[in-house]
1. Could you list, in sequence order, the residues of region 230-252 that are in contact with a Leu (Cβ under 9 Å, 6 or more places away or on another chain), assigned to a strand (DSSP E or B) and surrounded by 16 or more Cβ atoms within 10 Å (Cβ to Cβ)?
2. Based on this model, can you work out whether residue 23 counts as among the aliphatic types (A, V, I, L, M) and open to solvent by 40 Å² or more (accessible area, probe 1.4 Å)?
3. Which of (1) under 18 Å from residue 163 (Cβ atoms); (2) not in a strand (DSSP E or B) does residue 214 not meet, given it meets every other one?
4. Among the numbered criteria (1) within 25 Å of residue 45 (Cα to Cα); (2) surrounded by fewer than 17 Cβ atoms within 10 Å (Cβ to Cβ); (3) in contact with a Pro (Cβ under 7 Å, 6 or more places away or on another chain), which one does residue 91 miss?
5. Please work out if residue 140 is outside any loop (DSSP other than H, G, I, E, B) and among the β-branched types (Val, Ile, Thr).
6. Taking the stated definitions as given, is residue 113 free of Cβ contacts under 8 Å to residues at least 40 places away in the same chain and either out of contact with any Pro (no Cβ under 9 Å at 6 or more places or on another chain) or among the hydroxyl-bearing types (Ser, Thr, Tyr) (or both)?
7. For a quick check of your reading of the model, give me the residue pairs whose first member lies in region 83-109 and is under 16 Å from residue 262 (Cβ atoms) and modelled with pLDDT of 90 or more, whose second is open to solvent by 90 Å² or more (accessible area, probe 1.4 Å) and assigned to a strand (DSSP E or B), with beta-carbon atoms closer than 6 Å and at least 6 apart or on different chains.
Amino acid sequence: MKNPLFLKCALLALIGALLLIPLAMIENTISERTSHRAEAIRAIAASSAGEQTIIGPVLTIPVVEEYDDELIEEVNGEHRKKTVRRKRTHTLTVLPRELHLDGALNVEKRAYGLHETAVFEMQGAVTGSFAMPGVAGLPTLGQNAHLTWGSPALSMGISDARGITGEPKIQLGGSILSLGRGTKVAGLKSGFHAVAANLAGDRTDTLPFRIDLRLAGTGSFAFVPLGEVSTAKLGANWPHPSFGGNFLPRSRTINTNGFNADWSTTALAANIDSAQLTNNAEGFQVRLIDPVDIYRQAMRAVKYGVLFIVLSFAAFFMFEHLRSLPIHPIQYLLVGLAQAVFFLLLTSLSEHIAFSLAYLAAASASILLIGIYLAAILRGWRRGTGFTVALAVLYAALFGILRSEQNALLLGSLLLFIALAGLMLGTRRIDWYGLGKHSDNQENA
């Protein structure tokens with residue numbers, strides 16, 4: 001315990017542990033800013049419309065059945081049959097035989113305070129046809145059944161009906177229908193419907209439909225493939241789509257002007273029946289993302305903060321003992337704090353300017369500050385410049401890691417290996433026992 005080298009190492013380890021506190025506080029700040037951004041996005045969605053999903057259309061046909069029901073009753077000890085006329089209502093739910101969406105998203109950014117998100121207006125047409133089931137679609141009928149067919153109702157589910165812009169134009173069987181609020185399908189809580197009062201519900205032919213609508217939303221658009229055969233064609237002026245849902249596009253083109261995507265599937269693959277219809281269903285989906293998530297990248301950068309501090313301390317420690325130039329623990333601490341503040345600068349600047357420029361500004365400020373300080377404590381601009389260049393290379397390597405997310409683990413591992421290899425090869429000829437004795441002799445002298 002009287003070995004000054006051991007005490008110095010222990011003290012530096014303690015300082016490194018203390019520097020974890022500001023790094024943890026910066027991580028907490030980034031998490032809070034991420035929450036504030038999520039609240040801003042929710043506020044934007046609350047003032048217009050949220051993520052949108054189109055489900056449908058779905059055709060419902062009410063059928064009233066009157067039938068004879070035989071009862072057995074006891075009269076004076078005898079069992080007699082009695083026929084009673086009863087009535088019950090069936091609702092036929094018909095999914096499209098063919099279903100097609102052809103739409104275009106007009107996307108723009110909307111800001112709330114410092115934060116912004118993508119909002120859109122989808123203008124398109126949903127077309128297709130229904131294969132009318134007739135009596136074959138009903139359950140087993142009672143004796144002497146008489147059916148009264150109601151008018152078919154076409155329902156379209158919209159996850160956030162506030163986004164419906166203008167009045168949708170609905171055509172069914174060649175007739176233009178009047179719009180009604182809500183849907184006639186129990187699982188679809190929001191949307192619209194139209195009743196075809198002039199169409200017979202017991203027909204067995206093919207009934208074509210077309211729905212023209214404009215729909216506003218925030219962040220995400222989805223279309224649920226309910227047809228026996230379902231296709232969708234969607235274009236947008238947004239160059240950063242993220243395709244999700246249950247099916248990826250069959251083809252897509254993405255460039256700086258936007259994207260175009262085409263989906264197709266069948267009922268066998270979609271596996272959706274009339275009992276599963278809800279506003280939370282998924283299908284063909286595209287999210288309008290921001291490719292540069294500043295808080296995510298800032299959080300990833302902070303994860304490398306400990307590595308920055310360890311490498312810097314290791315370099316100072318070796319220089320101190322190889323050159324016999326003492327560096328005070330307070331000076332270690334100040335350099336470590338300067339590196340920690342870099343991550344806070346990066347986060348705050350990236351909220352106002354592009355992330356690349358924010359990184360350049362924060363790194364330049366940190367490198368310049370540490371370089372000037374090192375030139376003083378190392379007693380020479382040449383020594384300070386050497387450390388400054390090495391620090392600049394370290395910041396450049398971190399930027400490369402952040403920009404290449406797919407290869408981040410590989411690049412980070414290589415950086416750590418190279419740093420460790422340099423330290424081991426640079427100190428392979430050092431007599432650590434002799435260095436400790438030399439420190440003892442200097443203290444005794």
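1. 230, 231, 232, 233, 234, 235, 236, 241
2. No: the conditions fail for residue 23.
3. (2)
4. The one condition residue 91 does not meet is (1).
5. So residue 140 does not fit the description; no.
6. Here the answer is no, as residue 113 does not meet what is asked.
7. Qualifying pairs under 6 Å: 102/233; 104/123.
Residue-wise test of (1) in contact (Cβ under 8 Å) with a residue 60 or more places away in the chain; (2) touching a strand residue (DSSP E or B) at 6+ places or on another chain (Cβ under 6 Å).
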site: 4; (1), (2): yes, no
site: 8; (1), (2): yes, no
site: 13; (1), (2): no, no
site: 17; (1), (2): no, no
site: 20; (1), (2): yes, no
site: 27; (1), (2): yes, no
site: 38; (1), (2): no, no
site: 41; (1), (2): yes, yes
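The values are calculated or read from the model by the stated rules, or taken from the named source; none is laboratory data. Note that the structure is predicted; figures quoted are calculated from it, not measured. Using ideal geometry, Cβ is built from the backbone for each residue, glycine included, and neighbour counts are taken over all protein chains shown. Heavy atoms of the whole protein, side chains included, go into the accessibility calculation; ligands, DNA and RNA do not. Shrake-Rupley method; radii C 1.70, N 1.55, O 1.52, S 1.80 Å.
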